[in-house]
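Data block below; observations after.
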Amino acid sequence: MTKNRKKIRREITAVGIIFLSFGLILVAVGMRPNFKIVKNTETLLYVTDYPLSENYVYFDTTLKPGDMASGTIKTSNPVNFYIFDSDQYNNWQTIYSYSPNAPSIFTRTHSNNIAFSVQISYEDTYYLVVHNYYSYSGCVIRSMYVERTYFTRIEHFDYSLSIAGLLTVLTGLIIAAIGLSTRVKVENKV
């Protein structure tokens with residue numbers, strides 16, 4: 001009878017240790033961060049019926065690496081449209097004297113219906129310039145819509161899996177304790 005009790009004791013303890021091990025694995029997996037990439041869109045600019053009383057008008061915004069700036073512009077007369085970073089914008093005004101040949105991130109010349117999409121590679125202040133280069137009188141921006149698309153990384157944990165793991169660990173500890181505390185009677189044979 002003693003051998004059977006020892007065997008049962010070992011088996012109960014082994015089951016407890018298995019539960020304990022499995023529970024620890026569940027806790028570890030549940031506490032491992034999971035990442036989700038979320039696409040976000042933000043309206044940067046929406047303008048309607050904006051007169052180009054000056055030679056040009058600009059809108060500035062700060063963009064970061066990975067951002068996508070896109071939009072549409074419709075004007076009453078053909079215009080030039082540029083997207084400059086801060087250095088390019090300063091050079092366009094000083095060195096290039098408002099020339100359409102100035103370096104830019106995006107250029108569209110002599111058009112009154114413009115669509116654009118630009119991937120940003122470094123953080124800076126960007127200038128979106130509508131230039132009445134051809135000096136049309138009464139030139140109006142009929143509509144201008146610009147949006148920023150960017151991605152965020154969300155980190156989350158599976159707490160339900162961790163809680164299940166903790167309960168399994170607790171169950172394993174209880175079973176192992178029962179197995180270890182089972183007393184085996186030793187019979188003295190005379």
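The values are calculated or read from the model by the stated rules, or taken from the named source; none is laboratory data. Only a predicted model underlies this, so the values are computations on that prediction, with no experimental measurement involved. Every residue, glycine among them, receives a Cβ derived from its backbone with ideal geometry; neighbour counts consider all protein chains shown. To get the accessible areas, we keep the full protein, side chains included, count just its heavy atoms, and leave off ligands, DNA and RNA. Shrake-Rupley method; radii C 1.70, N 1.55, O 1.52, S 1.80 Å.
With ILE154, ILE95 as the choices, which residue is among the β-branched types (Val, Ile, Thr) and free of Cβ contacts under 8 Å to residues at least 12 places away in the same chain?
Values: ILE154 fails: free of Cβ contacts under 8 Å to residues at least 12 places away in the same chain.
That would be ILE95, the only listed residue that is among the β-branched types (Val, Ile, Thr) and free of Cβ contacts under 8 Å to residues at least 12 places away in the same chain.
Any residue in segment 19-34 that is more than 30 Å from ILE175 (Cα to Cα) and at pLDDT below 95? Before you say what the answer is, go through the steps one by one.
Filtering segment 19-34 down to residues more than 30 Å from ILE175 (Cα to Cα) leaves 33-34.
Restricting the remaining residues to those that are at pLDDT below 95 gives 33-34.
Looking through segment 19-34, at least one residue is more than 30 Å from ILE175 (Cα to Cα) and at pLDDT below 95.
Determine whether ASP67 is within 30 Å of SER137 (Cα to Cα) and touching a strand residue (DSSP E or B) at 6+ places or on another chain (Cβ under 9 Å). Spell out how you get there, then give the answer.
Working: within 30 Å of SER137 (Cα to Cα): no; touching a strand residue (DSSP E or B) at 6+ places or on another chain (Cβ under 9 Å): yes.
So ASP67 fails the test.
Just for segment 81-115: of the residues that are crowded, with 18+ Cβ neighbours inside 10 Å and touching a Lys or Arg at 6+ places or on another chain (Cβ under 7 Å), which one is farthest from THR61 (Cα to Cα)?
ILE114
Mind checking which residues of segment 1-49 are closer than 26 Å to THR152 by Cβ and either in contact with a His (Cβ under 9 Å, 6 or more places away or on another chain) or open to solvent by less than 50 Å² (accessible area, probe 1.4 Å) (or both)?
Hits for segment 1-49 are GLY30, PRO33, ASN34, PHE35, LYS36, VAL38, ASN40, LEU45.
Can you pull out the residues in segment 117-130 that are surrounded by 18 or more Cβ atoms within 10 Å (Cβ to Cβ) and in contact with a Ser or Thr (Cβ under 9 Å, 6 or more places away or on another chain)?
Residues of segment 117-130 surrounded by 18 or more Cβ atoms within 10 Å (Cβ to Cβ): 120, 124, 126-130.
If the condition is that a residue be surrounded by 18 or more Cβ atoms within 10 Å (Cβ to Cβ) and in contact with a Ser or Thr (Cβ under 9 Å, 6 or more places away or on another chain), then ASP124, TYR126, TYR127, LEU128, VAL129, VAL130 are the ones that fit.
Among the residues of segment 134-143, is any among the polar types (S, T, N, Q) and either within 21 Å of LYS39 (Cα to Cα) or open to solvent by less than 30 Å² (accessible area, probe 1.4 Å) (or both)? Please lay out each step first, then the result.
Our first condition is that a residue be among the polar types (S, T, N, Q); within segment 134-143, this holds for 135, 137, 143.
Filter once more, keeping what is either within 21 Å of LYS39 (Cα to Cα) or open to solvent by less than 30 Å² (accessible area, probe 1.4 Å) (or both): none.
The answer is no; no qualifying residue exists.
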